[in-house]
Structure formats: C-alpha cells, structure tokens
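These notes concern the structure reproduced below.
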Amino acid sequence: MHSFWVDLLVAIIKILVILGIALGIGAFLTWVERKVAAHIQRRPGPMVVGWHGLLQPLADGVKLLTKEDLFPRYGDKFLYHLAIILALVPATLVFSVVPFGPEFEIFGYKVKPILSDVNVGLLLVFALGSMAVYAVALAGWASNSKYPLIASMRKAGVLVSYEVVITFAVMGPIILAGTLSTYEIVEKQIEQKLWYIWLQPIAFVVYMFAALAEMGRVPFDVQEAEAELVTGFTVEYGGMKFGLFPLVEWYIEGLTLSAIAVVLFFGGWSPINIPFVGFVDPLFFLGPLSPFVWFILKTTALFLFILWLHWTLPRYRIDQITQNAWKIMLPLTLFNIVITAVLAPIVWR
Amino acid sequence: MGKLIIFGFFSLMAILSGIGIITLKNPVYVVVALLSSLIAVAGIFFTAGAELVGALQLLIYAVAIAIFYIIVISAVPWQKAKKSETHHRFEGLISLPVVLLLYIEMIVVFLLGVKASPKGEIAKFIEKIGNAEVVGAILFSKYFLAFEVVSLVLLVGMIGAVLIGRKESQTYEDDTT
C-alpha cells in the first residue's frame, strides 16, 4: 500500500513537471521564435517589454485574454470548442512517452524521468500526433467559413500522406534497436555505442520532412498560408482560442517531434558519439545532471534548426507536397527499411 | 481498484458514444461519437494490459479510418448535413435479422474463446518477452496461413481500387473531349 501512494505521488509530480514544460516553455517559445525570425531578417524583434522583450509572451497573453470573443454566425458552437481541446490534449499527451534522462535514485526510490514507459511508446507517439488532424478538420468545419474549410482539407491531405511516411521512416531505428519503447531505444544506442543517425541518414531526412509537415511549418504550411488563406483554419477564432492553435501546432508539437527525433537518431540523453568507439562528454563536470543537459541541448538545437528553416524557405504547393510524400519519400523509406533489415542482423547477430 | 474505476469509465464512455452514433442526427456529430467510442475501446485495451492492440486501435481505427469519414462528411454543406431524409429505413429493417445473426455468432465465439483461453499463460509470456513480440510470434507461427491470406485480400482490394480509379479517369477524359 505504501509503495502505491509513493508511485502515485511520483506520477503526479511527473505530470506537473511535464505540463509545466509543455505549457510554460511553449508560451516562452513564441518569444524565441520572434527573436530568431527577427535576427534572420536583420531586425531587433521585440525589444520594449522587459529586457530584450523577455516579457513579451506575458504581454501577448494579456492582450489575447482581453480581446473580444467573436463567434461566426451559423457556426457549430460545440465542435468549435471541441476542436481546441482536441488540438491541445493529444499533443500534450505525447510528452508522456518522451524520456528526459536515465533512471536516477532519490530518497531510495528509483525514478525514471518518463511518465509511462509503455513498450509500444513510439506507436503511441504517432497515433497521438496524428490526432491533430481532427482538431484541424473540426475547426475548419465548425467555423462555417470558406477559408478554414479549404485550410482544413489541405492540412488533412498533408497529414494523411506524411503520417504514412513518418511511420515507415522510424522503422529503420526500430529494426536496429529491436524495440518500440522510447526509453529502451536510447539504452540500446548507448549499449551499441552508436547514434542511429550514422546508419540512418535517409530515415532522418525523411523524418524531418514529415515532422515539418505534421507541425505545419514552412515549407509545408499550406494550411496557414497567410498570403492566400489568411492563417487558414484559425480565421474564425479570436483571442486566446486563436492563440492556442499556433501554441499547440508550432511549439508543443515542435518540441515533442524534436524530442522524439533526438531519441530516435541522436541517442537521447547520451553525450557526443564517435560511431562504434564510444562517447565523449565535454560536460562531464555537471556530474549526474549532464544527461539531462545533453537531452535539452539536442532538442533545442533541433528546434532552432526547424525555426531556421521556417524563416528561410518558401512554401510548397499542396500537390507538390503530397507528390513528394508518395513518390519520393515513401519509396526512399521502403528502400531504407529493406537495406536496414538485410544489414542489421549481419552487423549485430 | 483504480484499474476497475478506469475500466468502468472507459466502458461507460464506449457505450454512451455507441448510443450517440446511432441516435445523433448531424453526421459530423456521429463521426465524433464514433471517434470517442474508438478511443474508449483503445483505453479498455490499455487497462487490460494489451498495449500493442491499444496503440494499433488508436493508430489505425481512430486516426487512419475515422479521418476519412471526417474528410468526406465535412465537405457536405452545413444545412444539408442535418437532413435525415436520406436514412434508409426500409433497408435497415430488412438487414436487422442478418445483423442479429452476426451478433449471436460474435457472442458464441466469445464464449468459446473464454472457455478455451489458457488461464494466465499469455500474461506470463507478455511479462517475459514483451507485448509486440508475443503478437508477432503468434502471428508468424500459429496463424501464419491466415495472416498471409489476409494480406492477399488486401492486395485484391488495392488492385480493385486502382482499377476503379483508372476507369473513372478514362470516362472523364472522354467527356471533356
């Protein structure tokens, strides 16, 4: 009985920490994005509120909260609000299978810094990740307006194609690790002294394409398409309800997909890797904290890479996007799976 | 105890949304109810410890299949979506005995399965070698023939879809010239 309450307490603490990360950092990332975008375009960005605009997210939040709440005529109120929940909940749930670091002991209890280490963690990531399509589809339909509907149709088309591609792309690392659990995949990479990116560069490139498509970033942001669709399916949303959609799509999903990429291809919390030889840890002086710092560093680096792409590239057309998915990406991943499945047993068994 | 509460919650949700599927008028609401019942069934799988089946339920049914309903139905204009005149009442009445027969068959199979299931043996396997591995081992040993036949059925379905698609594109070209 005693251990049950301890387990419950640990789970609640983990949930609170994860929610804090997801929503707190998510809001703060709006500032990061604006700063990065500004410096890419050689302007200072937000400077007025706080030191270098650090309090800008707070000011934005207050502004969004105090805005007038408009509702489109003949719209469907229930689905309109359901769409917001459907966007937020699955995207946040994905964090429950992201491992932040290795197991550690505190007050004699062993704690894994992952909310639930299910042995099908990766499948859950993609199942929950693609739930986002319902939020978009319902938001587009319930708004009773043309632009949101077009946007939601586009997004659904993109998501359906890239969901297939991303699932096939991660098969390579799964074959190498021999497990679907996110925690064990990282452990396997440390055991084999190998980041899977060295053997799976094709899978990584395809994964990044699909991840960009899923979180609706440029070059795949056809559902927002500010120039043609005036921010797409969120047109009819106002105030904080509007604010939640980019928060979920760009920041929370961006963070989870970067974290999963780090887990799959960059060895999770392990330090810099020299293939087949071992690990070099320039941050050794941090002691037991070093794995967590490495995980955060790698995820941040990937996230900044995504931001860099977003503010550099032009936009694809919708037919080019789906053509890419089915005609280039899917054959590439199939090729990759066959090669990996043939080579992996020769190398390790 | 906690497991029982969660199981009860998911079952109640599945039943309620099942009722919603057949009683709601607006087709988009029907699909949302279908989605909720599919997710609830996935939740039941998770509480029963069948993680792989639960994840596949989410990935295949709740996402891949239900999304096509949403895409098709959300293209229907708002006012037309509420009309219930298109319901095929007569056909529904005729198909009732067949559906009843199917349900009886399902119950019979279920009862037979409960009798035949080795008590707790599979659970021991799962603890030893993991969820996905057990399913893979059973699929590729005991049910290998059935598994391959099903993949053949899928292939036939795919070829059929391609054929239908090609035919339409030809007639479309004929019409435009």
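The values are calculated or read from the model by the stated rules, or taken from the named source; none is laboratory data. This one's a predicted model, so the numbers in the text were calculated from it and none came from an experiment. Cβ sites come from the backbone with ideal geometry, for glycine too, and all protein chains shown count toward neighbours.
Worth pointing out:
- Members of segment A:32-58 found to be of a type in the set (Gly, Ala, Ser) and surrounded by 15 or more Cβ atoms within 10 Å (Cβ to Cβ), listed by number: A:Ala37, A:Ala38, A:Gly45, A:Gly53
- For segment A:184-202, the condition holds for no residue, the condition being that it is under 29 Å from A:Tyr80 (Cβ atoms) and within 14 Å of chain B (Cβ to nearest Cβ).
- Scanning segment B:1-31 for residues that are loosely packed, with under 11 Cβ neighbours inside 10 Å and either under 20 Å from the mean Cα position of the chain (by Cα) or among the basic types (Lys, Arg) (or both) returns B:Lys3, B:Ile22, B:Thr23.
- Residue among A:Val205, A:Val218 that alone is away from chain B (no Cβ under 14 Å), part of a helix (DSSP H, G or I) and surrounded by fewer than 20 Cβ atoms within 10 Å (Cβ to Cβ): A:Val205
- Flag for B:Ile44 being away from chain A (no Cβ under 13 Å) and buried (at least 18 other Cβ atoms within 10 Å of the Cβ): yes
- Of the residues examined, B:Lys119 is one that is loosely packed, with under 11 Cβ neighbours inside 10 Å and at pLDDT below 75.
- Considered as a group, the residues in segment A:136-154 that are surrounded by fewer than 24 Cβ atoms within 10 Å (Cβ to Cβ) and in a loop (DSSP other than H, G, I, E, B) include one that is farthest from the other protein chains (Cβ to nearest Cβ), and that residue is A:Ser145.
- Against the test of being surrounded by fewer than 24 Cβ atoms within 10 Å (Cβ to Cβ) and either within 13 Å of chain B (Cβ to nearest Cβ) or not in a helix (DSSP H, G or I) (or both), the options A:Val118, A:Val165, A:Val133, A:Val125 yield a single qualifying residue, A:Val118.
- Selection within segment A:168-179 - within 26 Å of A:Ile328 (Cα to Cα) and either within 11 Å of another protein chain (Cβ to nearest Cβ) or of a type in the set (A, V, I, L, M) (or both): A:Ala169, A:Val170, A:Met171, A:Ile174, A:Ile175, A:Leu176, A:Ala177
- Under the condition of being farther than 25 Å from A:Glu249 by Cβ and part of a helix (DSSP H, G or I), the residues counted in segment A:1-23 number 12.
- Within segment B:129-174, restricting attention to residues that are of a type in the set (Gly, Ala, Ser) and at pLDDT 85 or above, the residue that is farthest from B:Gly54 (Cα to Cα) is B:Gly160.
- Residue in segment A:101-114 that is part of a loop (DSSP other than H, G, I, E, B), modelled with pLDDT of 85 or more and surrounded by 19 or more Cβ atoms within 10 Å (Cβ to Cβ) present: no
- Residues in segment A:59-77 that are within 14 Å of another protein chain (Cβ to nearest Cβ) and loosely packed, with under 13 Cβ neighbours inside 10 Å: A:Arg73, A:Tyr74, A:Lys77.
- Counted residues, segment A:297-314 - those being over 15 Å from the mean Cα position of the chain (by Cα) and either hydroxyl-bearing (Ser, Thr, Tyr) or not in a helix (DSSP H, G or I) (or both): 4
- Cβ-Cβ distances below 8 Å connect the following pairs, each with a first residue in segment B:48-62 that is more than 9 Å from chain A (Cβ to nearest Cβ) and assigned to a loop (DSSP other than H, G, I, E, B), a second residue that is surrounded by fewer than 18 Cβ atoms within 10 Å (Cβ to Cβ) and of a type outside the set (Asp, Glu), and a separation of six or more residues or different chains: B:Ala48/B:Phe7; B:Gly49/B:Ala123.
- Total residues in segment B:6-37, condition of a type in the set (Phe, Trp, Tyr) and touching a helix residue (DSSP H, G or I) at 6+ places or on another chain (Cβ under 6 Å): 2
- When segment A:279-308 is filtered for residues that are exposed (fewer than 14 other Cβ atoms within 10 Å of the Cβ), aromatic (Phe, Trp, Tyr) and modelled with pLDDT of 85 or more, the ones remaining, listed by number, are A:Phe305, A:Trp308.
- B:Ile6 being under 29 Å from A:Leu149 (Cβ atoms) and hydrophobic (A, V, I, L, M, F, W, C): no
- Flag: A:Phe276 matches the condition of being surrounded by fewer than 22 Cβ atoms within 10 Å (Cβ to Cβ), more than 18 Å from A:Ile321 (Cα to Cα) and of a type outside the set (Gly, Ala, Ser).
- Single residue of segment A:52-76 satisfying the filter (in contact (Cβ under 8 Å) with a residue 24 or more places away in the chain and assigned to a helix (DSSP H, G or I)) that is farthest from A:Gly140 (Cα to Cα): A:Gln56
- Selection status of A:Leu289, touching a residue at least 12 places away in the same chain (Cβ under 8 Å) and either under 20 Å from A:Ala137 (Cβ atoms) or among the hydrophobic types (A, V, I, L, M, F, W, C) (or both): no
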